[in-house]
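Here is the structure we will look at.
The values are calculated or read from the model by the stated rules, or taken from the named source; none is laboratory data. If you're wondering where the values come from, they're calculated on a predicted model, not measured in any experiment. No Cβ is skipped: glycine too gets one built from the backbone with ideal geometry, and neighbour counts run over all protein chains shown.
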Amino acid sequence: MSAGFRITPAIWDKIHHFASFPQTGVSLQQMVLFGQNPSQGTLLKASQFLAEELPVRLAHRVKELDELPHNLSDMPSIKKVKNWYAQSFEELISFPPIVLPHNIRQALMTSRPEEHHLPESKVNYFDEPYSSLHNSMNGNGNGNGFNKLKLRVPMERRYYANTNNITWPPEVQDYNKRFTKLLEHIKSRHDPTVTTVAQGVLEWKRSQNAKHIGLDIQAWLDRFYLSRIGIRFLIGQHVALNTQQAHEDYVGIICTKANVHDIVQEAIENARFVCEEHYAMFKGPPVQLICPKDLVFPYVPGHLSHICFELLKNSLRAVVERYGADQEDNFPPIKVVVVEGKEDITIKISDEGGGIARSAIPLIWTYMYTTMESQGIGNDFQASDFKAPMAGFGYGLPLSRLYARYFGGDLRLISMDGFGTDVYIHLNRLSSSREPLP
Ligand SMILES: Nc1ncnc2c1ncn2[C@@H]1O[C@H](COP(=O)(O)OP(=O)(O)OP(=O)(O)O)[C@@H](O)[C@H]1O
């Protein structure tokens with residue numbers, strides 16, 4: 001399907017138009033409040049929010065992919081990713097808007113606004129019927145739909161009204177279902193993005209005979225992957241709200257009582273398993289976990305396990321390589337300490353794997369820096385090869401830091417060259433910080 005897709009001049013115009021609007025960040029807290037026991041009306045509002053926010057975010061990325069420095073935009077894999085973004089953008093803006101029955105429109109016009117938890121700047125959008133935005137984007141008028149919308153007095157308060165007493169007609173459920181299907185389809189189209197962009201950077205490195213990527217490309221990759229985390233979080237959350245059975249500890253993919261001990265313990269077991277497989281050993285380095293068993297906070301468990309798994313793999317590998325795979329009984333333990341502060345929950349992972357030379361510290365945060373020789377993205381690399389190995393892609397640290405930063409946290413690494421490494425994962429337990437939007 002995507003093979004036949006081309007970015008026509010008309011689509012470019014729309015991309016430029018949408019990219020001229022700022023993206024709107026959401027916080028974990030807003031998502032939890034908004035998504036609790038969602039009615040079809042709430043889900044409709046969420047669909048409307050995404051139907052407007054996602055094209056803006058995608059348009060920013062298409063434009064950026066098209067304007068990358070040093071001819072990076074010309075690399076075949078980068079063009080491929082740009083086309084995916086443009087195609088998803090196009091599918092979203094041409095998704096047919098819902099036409100609500102007259103009685104529902106009436107009810108919405110007369111009902112009082114409820115407190116809503118979506119970002120302030122979206123209020124204008126929600127005041128307006130989506131169809132007027134859609135019409136203006138479809139070429140009737142000067143193609144400047146958003147500005148026009150802001151000047152007009154809202155006729156209906158459809159998306160900002162108290163919807164609790166409304167019996168939603170089947171059209172709404174049908175619309176929510178169709179929109180969710182579209183999002184699922186878009187999400188799977190973008191599954192291979194990280195690997196395909198990595199492939200694009202490799203094509204560029206080869207074409208330029210470059211050893212390292214420059215700071216500007218590094219900064220772009222950070223922005224691009226951070227934005228991807230945000231887009232996938234929004235889509236994942238929406239799909240889960242629409243398709244998953246209600247669960248008392250979950251709002252979509254957010255666990256309102258994410259148990260840090262259990263998530264870290266599982267990451268330890270998984271990382272040790274991969275380590276033992278990789279080095280063909282019976283027993284990987286031991287890992288001690290000191291963490292209150294009842295420490296819970298709202299978070300996306302998948303994000304936290306990803307971060308812990310990546311960092312633990314690094315520590316296990318450092319210890320095994322320093323002591324030798326035949327030293328199973330003499331490995332010094334890796335220590336994981338979890339502490340809850342006022343603002344942060346901090347996880348410290350300490351190993352005695354020999355540390356990192358100070359001169360190499362800036363490099364470890366760059367994409368594709370790895371000291372693993374046997375793997376890496378090589379000549380015959382395929383996007384589908386990107387499964388979780390012990391190490392070798394040089395994406396573990398920079399991507400984990402982005403996951404931590406996405407919900408207002410951070411990741412720091414301090415190393416004692418010749419002894420070992422401490423990594424601090426800071427997680428913002430207040431969950432009120434908005435997404436950092438590049
Ligand atoms: N705890 C550690 N001790 C020693 N060196 C480390 C540690 N953590 C990371 N490093 C160094 O930093 C490099 C980059 O780490 P990063 O996690 O980004 O990628 P990787 O582990 O090589 O590959 P992957 O993307 O598959 O995780 C590693 O190859 C290793 O040389």
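Key figures
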item	result
Inter-residue pairs, beta-carbon under 7 Å, first over 17 Å from W220 (Cα atoms) and in the range 356-373, second near the ligand (Cβ under 9 Å from one of its atoms) and at pLDDT 95 or above, 6+ apart	I356/S415; I356/T421; I361/S415
Scan of the range 278-317 for residues that are away from the ligand (no atom under 13 Å from the Cβ) and either without any contact (Cβ under 8 Å) to a residue 40 or more places away in the chain or assigned to a strand (DSSP E or B) (or both), ordered by number	Q288, L289, I290, K293, D294, V296, F297, P298, Y299
Residue that is farthest from the ligand (Cβ to nearest atom) [pool: residues in the range 374-422 that are outside any helix (DSSP H, G or I), at pLDDT 70 or above and among the hydrophobic types (A, V, I, L, M, F, W, C)]	F407
Whichever residue in the range 295-319 is within 21 Å of the chain's Cα centre (by Cα) and hydroxyl-bearing (S, T, Y) and, among such residues, is surrounded by the fewest Cβ atoms within 10 Å (Cβ to Cβ)	S305
Flag for I229 being within 17 Å of S27 (Cα to Cα) and in a helix (DSSP H, G or I)	yes
Criterion (part of a helix (DSSP H, G or I), among the small types (G, A, S) and without any contact (Cβ under 8 Å) to a residue 12 or more places away in the chain) met by exactly one of S73, S47, S88, S77	S73
Residue within the range 336-350 that is in contact with a Phe, Trp or Tyr (Cβ under 6 Å, 6 or more places away or on another chain) and either at pLDDT below 95 or assigned to a loop (DSSP other than H, G, I, E, B) (or both) present	no
Tally of residues being free of Cβ contacts under 8 Å to residues at least 24 places away in the same chain, surrounded by fewer than 17 Cβ atoms within 10 Å (Cβ to Cβ) and either touching a strand residue (DSSP E or B) at 6+ places or on another chain (Cβ under 7 Å) or of a type in the set (S, T, Y) (or both) across the range 246-277	1
Residues of the range 423-438 classified as within 15 Å of E343 (Cα to Cα) and part of a loop (DSSP other than H, G, I, E, B), total	5
Top-ranked residue of the range 204-216 - restricted to ones that are surrounded by fewer than 21 Cβ atoms within 10 Å (Cβ to Cβ), of a type outside the set (S, T, Y) and assigned to a helix (DSSP H, G or I), ranked as farthest from the chain's Cα centre (by Cα)	Q208
Scan of the range 263-274 for residues that are modelled with pLDDT of 95 or more and in contact with a Lys or Arg (Cβ under 8 Å, 6 or more places away or on another chain), ordered by number	A271
